[in-house]
Amino acid sequence: MKGSIISGAIHGFLSVALGAFAAHGLEDVLDDYGTGIWDTAVQYQMFHAAALILVGILMARPLFGDVKQLKVAMFCFNAGIFFFSGSLMVLALTGIKVLGAITPIGGVFFLIGWVMIILTAVKKA
């Protein structure tokens with residue numbers, strides 16, 4: 001499905017752009033702790049950008065037939081990036097520790113997305 005590939009490419013672009021922005025534009029704003037948090041955010045954004053592209057390829061090539069679970073994976077990876085990476089970036093910029101409570105929601109979305117890919121493959125086997 002084009003939507004998954006497009007969203008993966010957008011997240012990949014943003015991951016590179018936000019990583020470069022932090023390295024060059026936020027070097028005087030972020031301390032070592034904030035930089036580590038930001039780096040984790042862009043790293044997971046890039047991992048799941050690649051996963052979205054993979055899901056799009058799997059959806060376009062009906063290797064597995066039904067793609068409902070892959071659509072769920074696409075939604076979960078996008079939501080995971082928003083909650084996980086987004087909350088970490090805001091935390092790094094603001095230092096508001098309560099935002100760390102939102103991050104695991106994104107992690108759960110990531111896990112569900114990966115489980116959907118596993119279930120899709122097992123279902124076809």
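Tabulated data
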read-out	value
Three semi-axes of the equivalent ellipsoid, the chain, Cα gyration tensor, whole Å, largest first	31, 15, 9
Tilt relative to the chain, helix 2-25 - C-alpha long axis, 0 to 90 degrees, to 10	20 degrees
Anchor K2: lysines whose Cα lies under 26 Å away (excluding residues fewer than 8 positions away in-chain)	K68, K71, K123, K124
Crossing angle, helix 32-60 versus the chain [Cα axis fit, 0-90 degrees, rounded to tens]	20 degrees
Gained length - L26 relative to I6, 0.36 nm times residue gap less alpha-carbon distance	4.4 nm
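Quick note: the coordinates plus some simple rules give every number you see, no bench work behind them. From a predicted model like this one, the values you see are computed outputs, not experimental measurements.
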